[in-house]
Amino acid sequence: MDVLKGIGGKIRAERRRHHLTQEELAEVAATSTRTVRDIEHGRGSPSIGTVTAVAGALGLTLTVVP
């Protein structure tokens, strides 16, 4: 599975669990709705900072493992 799609799927599931729209998540994460949509679908090339901000807005953390 593509790493970005995997991360995006986790973010989407957690956003839905919190009953947030993409627009609401974007506002909390200080990014655009389009960016949230692209992250959730594993598209584009968002910066690690943006992905971290979106994940963090949901209480998620990103961990790199060897």
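The values are calculated or read from the model by the stated rules, or taken from the named source; none is laboratory data. All values derive from a computational prediction rather than experimental measurement. Glycine also receives a Cβ, built like all others from the backbone with ideal geometry; neighbour counts cover every protein chain displayed. Side chains are part of the model used for accessible areas, which takes the heavy atoms of the whole protein and leaves out ligands, DNA and RNA. Shrake-Rupley method; radii C 1.70, N 1.55, O 1.52, S 1.80 Å.
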For Asp2: the one exception among (1) open to solvent by 60 Å² or more (accessible area, probe 1.4 Å); (2) modelled with pLDDT of 95 or more; (3) among the charged types (D, E, K, R): (2)
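Is it the case, given these coordinates, that Val28 is loosely packed, with under 13 Cβ neighbours inside 10 Å and β-branched (Val, Ile, Thr)? Walk me through it before giving the result.
Numbers: loosely packed, with under 13 Cβ neighbours inside 10 Å: no; β-branched (Val, Ile, Thr): yes.
No: the conditions fail for Val28.
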Residues located in the range 18-58, provided they are more than 21 Å from Asp2 (Cβ to Cβ), small (Gly, Ala, Ser) and more than 11 Å from the chain's Cα centre (by Cα): Ala30, Ser32
From Glu14, Glu23, residue being in contact with a Ser or Thr (Cβ under 8 Å, 6 or more places away or on another chain), assigned to a helix (DSSP H, G or I) and modelled with pLDDT of 95 or more: Glu23
All positions within the range 6-49 that are among the small types (Gly, Ala, Ser) and closer than 21 Å to Val64 by Cβ: Gly6, Gly8, Gly9, Ala13, Ala29, Gly42, Gly44, Ser45, Ser47, Gly49
Tally, over the range 32-66, of residues that are open to solvent by less than 40 Å² (accessible area, probe 1.4 Å) and in a loop (DSSP other than H, G, I, E, B): 2
